[in-house]
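Computed from the coordinates by the stated procedures, all read-outs in this text should not be read as laboratory data. Computed from a predicted model, the values in this text were never measured in an experiment. Cβ: placed from backbone, ideal geometry, glycine included. Neighbour counts: every protein chain shown.
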């Protein structure tokens, strides 16, 4: 299995999830650790650019200790918001790791779902009501009634 762990800053995952990720890696799972920012505002001694380089090197080294790879979405510190460009970067990051793999996700932001999926299965109360391409799901009346409220998606 390929596991993608995403957090805001370098060292967040190391502090909050490294034990679990190390166990998963030890059981043969492939691990990718990703951060949304490079932590460029994490120092008063270095410029933001220098700080970002230092923290990304540290994150890469920490990931390597458990056999994981590291990626950064390169949003600025204090720049992670629920808005279009951050969602697009997140989708790009997930897509880059999940190519040629099955991605199982529960997501209610349909722009994210439509941006990532080649095929979507939609469930209502545990029953599959549609399973098709994103465009056909977008146009499916039952899906629109259940989740999209009849609005243009």
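Test of understanding: in a Gaussian network model of the chain with alpha carbons linked when under 10 Å, which of 87, 55, 119 would top the mean-square fluctuation ranking? In this elastic network of the chain, the residue with the biggest mean-square fluctuation among 87, 55, 119 is 119.
Neighbour counts of other Cβ atoms within 10 Å put 66, 31 in the fewest-to-most order 66, 31.
Note on the chain: GNM, Cα springs under 10 Å; of 100, 50, 58, the largest mean-square fluctuation is that of 100. Treating only the Cα positions of the chain as identical point scatterers, give the base-10 log of I(q)/I(0) from the Debye formula at each q in 0.09, 0.21 Å⁻¹. Taken in order of the listed q values, log10 I(q)/I(0) reads -0.37, -1.24. Among 114, 81, the order by Cβ neighbours within 10 angstrom, fewest to most, reads 81, 114.
Stretch residue 29-residue 60 to full length: gain in nm at 0.36 nm per residue minus the Cα-Cα span?
My answer for the length gained is 9.4 nm.
What is the Cα centroid distance between region 84-153 and region 3-44, reported in whole angstrom? About 26 Å separates the Cα centre of region 84-153 from the one of region 3-44. Principal-axis analysis of the Cα atoms of the chain puts helix 84-98 at an angle of about 90° to the longest axis. The shape of region 104-153 comes out rounded: with a ≥ b ≥ c from the C-alpha gyration tensor, a/c is under 1.5.
Given axes a ≥ b ≥ c from the Cα gyration tensor, I'd like to know whether region 15-88 is rounded (a/c under 1.5), prolate (a/b larger than b/c) or oblate. Oblate. Restricting attention to the chain, close to 30% of DSSP beta bridges with both partner residues there are antiparallel.
In the elastic network of the chain, a GNM with C-alpha springs shorter than 10 Å, the most mobile of 38, 142, 62 is 142. Here, region 1-49 has an Rg and a Dmax of 13.1, 40 Å when only alpha carbons are counted. Stretched out straight at 0.36 nm per residue, the stretch from residue 85 to residue 53 would grow longer than its current Cα-Cα span by 9.3 nm.
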